[in-house]
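**Student:** This is the structure, below, for whatever I ask next.
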Amino acid sequence: MSRYFGKIRQNGYVVRDINAALKHWTEVLGVGPFYYIDKVPVENFTYGGKPSDAELSIALGNSGDLQIELIQQRNAAPSMYMDFLNAGHEGLQHVAYWTLNYQEDYDRLLAQGFRVGQEGEIGESGRFVYFETESHPGTVVELSDVSGPKGGFFKHIREVADTWDGSKPIRRVGD
């Protein structure tokens with residue numbers, strides 16, 4: 001457990017081909033089901049303090065308490081995801097910590113010297129921030145607000161994973 005953030009709740013993998021990644025996670029590793037969002041409705045997204053129009057597809061599944069997030073950026077807009085890919089990496093890009101007290105934790109981490117790399121929001125009470133903590137690939141830290149509907153969705157994904165029998169490994173959201 002991190003003394004700054006608490007428990008790691010999610011590993012985020014940036015991939016070039018989300019369909020191939022989904023096939024690997026569900027068929028080779030037997031993890032699932034994954035909830036797939038083809039066009040994530042990200043609002044107020046900034047990279048380096050400037051607006052960016054990153055277009056993302058994501059898939060979310062659980063292995064026990066750990067959520068697995070697969071992310072494919074669909075355009076070349078500036079983001080920490082593109083930085084990761086352009087550096088020749090693919091795979092684990094960040095670990096995420098979840099909070100019910102987003103603004104309080106956000107302010108505390110900034111006061112501790114953490115610097116924002118990118119941030120945005122998905123839906124009501126769905127803010128997230130990625131801090132510039134990558135000293136080697138896969139060490140970016142995300143703080144994610146789970147006080148609203150996103151937290152309920154994450155709980156649902158976790159509960160379904162507990163009894164998943166391998167059927168319907170990819171479940172499209174928002175279609």
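**Student:** (1) in a helix (DSSP H, G or I); (2) closer than 20 Å to Thr133 by Cβ; (3) not basic (Lys, Arg): which one isn't true of Asn19, the others all being true?
**Tutor:** Result: Asn19 fails condition (2) only.
**Student:** May I ask you to verify whether Asp38 is at pLDDT 95 or above and exposed (fewer than 13 other Cβ atoms within 10 Å of the Cβ)?
**Tutor:** Here the answer is no, as Asp38 does not meet what is asked.
**Student:** Restricting to the range 12-39, name every residue that is in contact with a strand residue (DSSP E or B) (Cβ under 6 Å, 6 or more places away or on another chain) and either aromatic (Phe, Trp, Tyr) or under 17 Å from Leu85 (Cβ atoms) (or both).
**Tutor:** Across the range 12-39, the qualifying residues are Gly12, Tyr13, Val14, Val15, Ile18, Ala21, Phe34, Tyr35, Tyr36.
**Student:** So, one more: Taking Arg9, is it within 20 Å of Leu143 (Cβ to Cβ), touching a residue at least 24 places away in the same chain (Cβ under 8 Å) and of a type in the set (D, E, K, R)?
**Tutor:** Answer is yes for this residue.
**Student:** Of the residues Tyr35, Tyr4, Tyr13, only one is touching a helix residue (DSSP H, G or I) at 6+ places or on another chain (Cβ under 9 Å), under 18 Å from Val146 (Cβ atoms), in a strand (DSSP E or B) and of a type outside the set (Val, Ile, Thr); which?
**Tutor:** Exactly one of Tyr35, Tyr4, Tyr13 is touching a helix residue (DSSP H, G or I) at 6+ places or on another chain (Cβ under 9 Å), under 18 Å from Val146 (Cβ atoms), in a strand (DSSP E or B) and of a type outside the set (Val, Ile, Thr), namely Tyr35.
**Student:** If you check Gly123, Gly113, which single one turns out to be at pLDDT below 95 and within 23 Å of Asp38 (Cβ to Cβ)?
**Tutor:** Exactly one of Gly123, Gly113 is at pLDDT below 95 and within 23 Å of Asp38 (Cβ to Cβ), namely Gly123.
**Student:** Here is a further query. Give the residues of the range 139-167 that are part of a loop (DSSP other than H, G, I, E, B) and exposed (fewer than 10 other Cβ atoms within 10 Å of the Cβ), sorted by residue number.
**Tutor:** Listed by number, the residues that qualify are Thr163, Asp165, Ser167.
The values are calculated or read from the model by the stated rules, or taken from the named source; none is laboratory data. The shown structure was predicted, so the numbers you read here are calculated from the model rather than taken from an experiment. All Cβ positions, glycine included, derive from the backbone under ideal geometry; neighbour counts span all protein chains shown.
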